[in-house]
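Before any comments, here is the structure.
The values are calculated or read from the model by the stated rules, or taken from the named source; none is laboratory data. As the structure is a prediction and not an experimental result, all values here were calculated from the model. So basically every Cβ, Gly included, is an ideal-geometry build from the backbone, and we count neighbours across all protein chains shown. These accessible areas exclude ligands, DNA and RNA; they are computed on the full protein's heavy atoms, side chains included. Shrake-Rupley method; radii C 1.70, N 1.55, O 1.52, S 1.80 Å.
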Amino acid sequence: KAAYIERQGGPEVLQYGDVPDPIISTHEVKVRVRASGLNRLDIYGRSGTRGQRREFPPAHILGGDCAGDIEEVGDQVTTLNVGDRVVVNPRITCGMCSLCLSGDDDLCPKSRFLGSNMDGSYAEYVRVPAVNAHVISDIVSYESAAAAPTIYLPMWNMLVRKGNIRPWETVLVLSASAGVGTAAIQVIKQVVGGQVIATTSTKTKAEKAIQLGADHVINYTEEDITARVRELTNRRGVDAVVDHVGAEFFEAAYKSLRAGGKYGICGVTSGYETLLHMGALFTKQLQVYGVFMGSKEDMRQIVAMMNKGSLSPIVDQVFPLEQASEAHSYMEGRSFFGKLVLTVS
């Protein structure tokens, strides 16, 4: 069984039915999917927007993040066994280019993404390279694991590896209610030990962000982000910005940086283009950098933290796979806090 599309459009184009079982190669594993996380990329793939136009046939199965049980292992797989509980890293790299071999596999020019340019995880079974499957402990639910990769990988990359955020630093997290926003708060508070100023749009979401660990929350529908940040930091500004939103809040967040601050970008849901004040860039010696997912080593470290109970994705609502269309409609409504997940019975 799978949820798939035979044309692009609204949530109604998602169908539920039978598809052929995937056949694995010698270095791959077949995973019995128990849960699949929803991401914005799924919406773009379904609707054919943001560079995701495709031709049909064949039908296409959406879905990147997933967790489940190893059903079958290829002849050359020695690190996993049938029955292992795993979470899947949805970004598949070539493993042979100079960047992969040097450990910079997140920059692999030949990478593919599960559910985007190959069939994905809205299905009972999925096949992936064995190196993309990580064993999860019994304390990690399938639903929680399936919600993790696409929100934690860019945050680990942005905050831990590239940003090197320190415990005494303060980070401005834009749109705290989104999956990436909730992941950012957790990584900053529970891994780094830093301070968080978050933004959101409602009192209810603000309360949830505080419960998650945010030290301060700015309601951007009622308060000026830059002015409030200056007030909260005694006019110093924040050490770093986490931006997964794009154009809408760039100017206000950019102005909120202290001298020498860092601006990380991993998404553009509100628009691709903005104006960059280059005078401030060099006079304040700012850093602006982008991340797209993370490396295999980032994923290994994230799973280790999940297995210890130090990281746990926030899941807003769970839908059965056959209700994928309803889940997409709910996601487009943007009334949720955290992640949405499909379960596969």
Practice problem: Give me the pairs, please: first residue somewhere in segment 197-212 and closer than 18 Å to Ala252 by Cβ, second residue anywhere and open to solvent by 60 Å² or more (accessible area, probe 1.4 Å), beta-carbon distance under 6 Å, and either six or more positions apart or on two chains. | Solution: Ile197/His216; Thr199/Tyr220; Ser201/Thr221
Exercise. State the number of residues belonging to segment 161-176 that are under 20 Å from Lys205 (Cβ atoms) and modelled with pLDDT under 95.
Key: 2
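Conditions tested, residue by residue: (1) touching a residue at least 12 places away in the same chain (Cβ under 8 Å); (2) closer than 23 Å to Gln211 by Cα.
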{"position": "Glu248", "(1), (2)": "yes, no"}
{"position": "Lys255", "(1), (2)": "yes, no"}
{"position": "Cys266", "(1), (2)": "yes, no"}
{"position": "His277", "(1), (2)": "yes, no"}
{"position": "Asp298", "(1), (2)": "yes, no"}
{"position": "Lys308", "(1), (2)": "no, yes"}
{"position": "Lys339", "(1), (2)": "yes, yes"}
Practice problem: Considering only residues that are under 21 Å from Asp21 (Cβ atoms) and out of contact with any Phe, Trp or Tyr (no Cβ under 8 Å at 6 or more places or on another chain), look in segment 100-115 and name the one that is surrounded by the fewest Cβ atoms within 10 Å (Cβ to Cβ). | Solution: Arg112
Practice problem: Hey, could you check segment 130-146 for residues that are touching an Asp or Glu at 6+ places or on another chain (Cβ under 7 Å) and open to solvent by less than 20 Å² (accessible area, probe 1.4 Å) and say which is nearest to Leu311 (Cα to Cα)? | Solution: Ala146
Exercise. Pull up segment 256-295, narrow it to residues that are hydroxyl-bearing (Ser, Thr, Tyr), in contact with a strand residue (DSSP E or B) (Cβ under 9 Å, 6 or more places away or on another chain) and surrounded by 14 or more Cβ atoms within 10 Å (Cβ to Cβ), then point me to the one that is modelled with the lowest pLDDT.
Key: Thr269
Self-check item: Residue check for Ala240: hydrophobic (A, V, I, L, M, F, W, C) and either open to solvent by 10 Å² or more (accessible area, probe 1.4 Å) or closer than 30 Å to Ile70 by Cα (or both)
Solution: no
Quiz prompt | Pair list, Cβ < 6 Å and 6+ apart or interchain, from segment 43-60 residues that are without any contact (Cβ under 8 Å) to a residue 12 or more places away in the chain and within 15 Å of Glu332 (Cβ to Cβ) to residues that are assigned to a loop (DSSP other than H, G, I, E, B) and not aliphatic (A, V, I, L, M) | solution = Tyr44/Arg50; Tyr44/Gln52
Exercise. Provide a single number: the residues in segment 49-83 that are exposed (fewer than 14 other Cβ atoms within 10 Å of the Cβ) and touching a His at 6+ places or on another chain (Cβ under 8 Å).
Key: 2
Quiz item: Counting only residues that are surrounded by 22 or more Cβ atoms within 10 Å (Cβ to Cβ) and under 18 Å from Ser270 (Cα atoms), how many does segment 332-345 have?
Solution: 1
Self-check item: Only listed residue being of a type outside the set (A, V, I, L, M, F, W, C), farther than 28 Å from Thr269 by Cα and modelled with pLDDT of 95 or more, chosen from Gly37, Gly74
Solution: Gly74
Quiz item: Can you find a residue in segment 211-229 that is assigned to a helix (DSSP H, G or I), closer than 20 Å to Arg166 by Cα and in contact with an Asp or Glu (Cβ under 8 Å, 6 or more places away or on another chain)?
Solution: no
Exercise. Of the conditions (1) assigned to a strand (DSSP E or B); (2) surrounded by fewer than 22 Cβ atoms within 10 Å (Cβ to Cβ), Leu172 clears all except one; give me its number.
Key: (2)
Practice problem: Could you tell me which of the residues Ser325, Ser335 is part of a loop (DSSP other than H, G, I, E, B) and of a type in the set (Ser, Thr, Tyr)? | Solution: Ser335
Exercise. Take segment 175-200 and flag every residue that is open to solvent by 10 Å² or more (accessible area, probe 1.4 Å), farther than 18 Å from Val315 by Cα and not in a helix (DSSP H, G or I).
Key: Gly193, Gln195
